[in-house]
Amino acid sequence: MIPFSPPRIDQKIIDAVDETLRSGWITTGPKTKLFEKKLTEYGGQEVTLCVSSATAGLELMLRWFGVGPGDEVIVPAYTYASTANVVEHCGARVVFVDSDKDFLVSLNAIEQAITSKTKAIIPVDVAGFPCDYDGIHALVSRSDIKDLFHPSTKEQEMLYRILILSDAAHSVGAWYKGKRAGRLSEITVFSFHAVKNLTTAEGGAICLNLPAQFDNNAIYHYLNAKSLHGQTKDALAKSQAGSWRYDIVEPGYKCNMTDIQASMGLVELERYDADMLVRRKHIFDAYARAFSAYDWAQIPAYETPDKRSSYHVFLLRIKGITENQRDQVIQAIFLREVSVNVHFVPLPMMTYYKNAGYSIADYPVAYDNYSREISLPVYYDLTDKMVSTVIKAVIDAVEEVLN
């Protein structure tokens, strides 16, 4: 069976983890701080804080901005649960909006959803393909939209418009109009989960790129404390001579990254552009060439004049089929010893959100994209022979179901 998305664990990763284990630093320490520095250099953002997950990063930033009960946060219906769950955790209301045919959030749908209660928008770079950030920034900066904004915290007063909090869980290494993901909005959050291009097993990063009225470094130190129970010094800082004393300035959270995780990330980041992304692009190109020969295949956009994907997930759609037929195709592919997946079941279809009153009928494009989508394997150790096996399995399965 060809697996869907195993992590890349080779001798370099094993050696890096072994070195860290033997160093005595296994929690947040020098490797984590170095990883933050390297991520900042790579993405070009002002500063980076590593955390235990992208989910934790999104919630930390909503809470930093003061999002809470009575507020609304706009979220695409087509995303993973974490994007909306963090809004629920903060006590705010999730406002789902529809997607465009490229899987990304609809700018027009965002505009229609904005009210005087809107405090943030969380655009999602589905499959590592960046959203229209210039369009979103232009929208929230419009005078009529800014006039609707009613700040209730110091941070909201300073920004004085809706926050753009980018869920870039998939898009480390993606580009938009000459800029890397990480500096496409004022705050970007990455994921380093086991299935991501760049993995630390679990983990995430907050990329701060706030405008000049904010002190990004001061916010980094505040968030660093907030991710450690509100403790003013982490273990590395307390290890310095005479620096044991610390304070608790708020009842924070426990969502720091460990040096074990960071040691994996450092290896992956060093070889990311020249190795990992090259291989993933090769696989994307092979799929695109093969399936372009078939009228039933809808190839996902992954490179345009303005955008370049991180080649995270290949979102193949089958034209003119129902959700049930799509499921039959998936079953037929699995019977041919190939694992595939679906990204994503829109959140209004999930029990919790259905019970909260959301209906997928309100998001027809998101449903259409989902109902015909099959995610194909893309990972570093997927050989050309395995790619050919995947292609044949998909073609045979689709034609079996359609005929």
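Which condition breaks for V189 when tested against (1) touching a residue at least 24 places away in the same chain (Cβ under 8 Å); (2) open to solvent by less than 10 Å² (accessible area, probe 1.4 Å); (3) farther than 19 Å from T79 by Cβ; (4) not acidic (D, E)?
Every listed condition holds for V189 apart from (3).
Those residues that are touching a helix residue (DSSP H, G or I) at 6+ places or on another chain (Cβ under 8 Å) and surrounded by 22 or more Cβ atoms within 10 Å (Cβ to Cβ), I need them from the stretch 107-131; list them, please.
Narrowing the stretch 107-131 to residues touching a helix residue (DSSP H, G or I) at 6+ places or on another chain (Cβ under 8 Å): 107, 110-111, 114-116, 118-124.
Selection gives I110, T118, K119, A120, I121, I122, P123, V124.
Conditions (1) in contact with an Asp or Glu (Cβ under 9 Å, 6 or more places away or on another chain); (2) at pLDDT below 95; (3) in a strand (DSSP E or B); (4) within 28 Å of G178 (Cβ to Cβ), marked per residue:
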{"site": "N108", "(1), (2), (3), (4)": "yes, no, no, yes"}
{"site": "G135", "(1), (2), (3), (4)": "no, no, no, yes"}
{"site": "A138", "(1), (2), (3), (4)": "no, no, no, yes"}
{"site": "D144", "(1), (2), (3), (4)": "no, no, no, no"}
{"site": "H150", "(1), (2), (3), (4)": "no, no, no, no"}
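If F103 meets every condition in (1) at positive phi; (2) over 16 Å from the mean Cα position of the chain (by Cα) apart from one, which number is that one?
(2)
Could you go through the stretch 40-47 and let me know if any residue there is open to solvent by less than 10 Å² (accessible area, probe 1.4 Å), in contact (Cβ under 8 Å) with a residue 60 or more places away in the chain and either under 16 Å from H170 (Cβ atoms) or basic (K, R) (or both).
yes
Which one of these is more than 18 Å from L165 (Cα to Cα), touching a strand residue (DSSP E or B) at 6+ places or on another chain (Cβ under 8 Å) and outside any helix (DSSP H, G or I): G252, G242? Quick ask: steps written out before the conclusion?
Details: G242 fails: touching a strand residue (DSSP E or B) at 6+ places or on another chain (Cβ under 8 Å).
When all the criteria are applied, what remains is G252.
Restricting attention to the stretch 300-337, report how many residues are surrounded by 17 or more Cβ atoms within 10 Å (Cβ to Cβ) and either assigned to a strand (DSSP E or B) or without any contact (Cβ under 8 Å) to a residue 24 or more places away in the chain (or both).
Residues flagged as surrounded by 17 or more Cβ atoms within 10 Å (Cβ to Cβ) and either assigned to a strand (DSSP E or B) or without any contact (Cβ under 8 Å) to a residue 24 or more places away in the chain (or both) within the stretch 300-337 amount to 7.
For the stretch 66-86: of the residues being over 22 Å from A361 (Cα atoms) and among the β-branched types (V, I, T), which is surrounded by the most Cβ atoms within 10 Å (Cβ to Cβ)? Don't jump to the end; show me each part of the working.
First pass over the stretch 66-86, keeping only residues over 22 Å from A361 (Cα atoms): 66-71, 86.
Retained after the next criterion (residues that are among the β-branched types (V, I, T)): 67, 86.
Details: V67: 26, V86: 28.
Of everything passing the filter in the stretch 66-86, V86 is surrounded by the most Cβ atoms within 10 Å (Cβ to Cβ).
Among A218, A241, A212, which is open to solvent by 40 Å² or more (accessible area, probe 1.4 Å) and modelled with pLDDT under 95?
On the way: A218 fails: modelled with pLDDT under 95; A212 fails: modelled with pLDDT under 95.
None of the other options fit; the residue is A241.
Could you list, in sequence order, all residues of the stretch 1-43 that are of a type in the set (A, V, I, L, M) and either out of contact with any helix residue (DSSP H, G or I) (no Cβ under 7 Å at 6 or more places or on another chain) or assigned to a helix (DSSP H, G or I) (or both)? Write out each step before concluding.
Going through the stretch 1-43, the residues of a type in the set (A, V, I, L, M) turn out to be 1-2, 9, 13-14, 16-17, 21, 26, 34, 39.
Across the stretch 1-43, the qualifying residues are M1, I9, I13, I14, A16, V17, L21, L34, L39.
The values are calculated or read from the model by the stated rules, or taken from the named source; none is laboratory data. This structure is a prediction, so every number in the text was calculated from the model and none was measured. Neighbour counts are summed over all protein chains in view; Cβ atoms, including those assigned to glycine, are modelled from backbone coordinates with ideal geometry. In case anyone asks, the SASA skips ligands and DNA or RNA and just uses the protein heavy atoms, side chains included. Shrake-Rupley method; radii C 1.70, N 1.55, O 1.52, S 1.80 Å.
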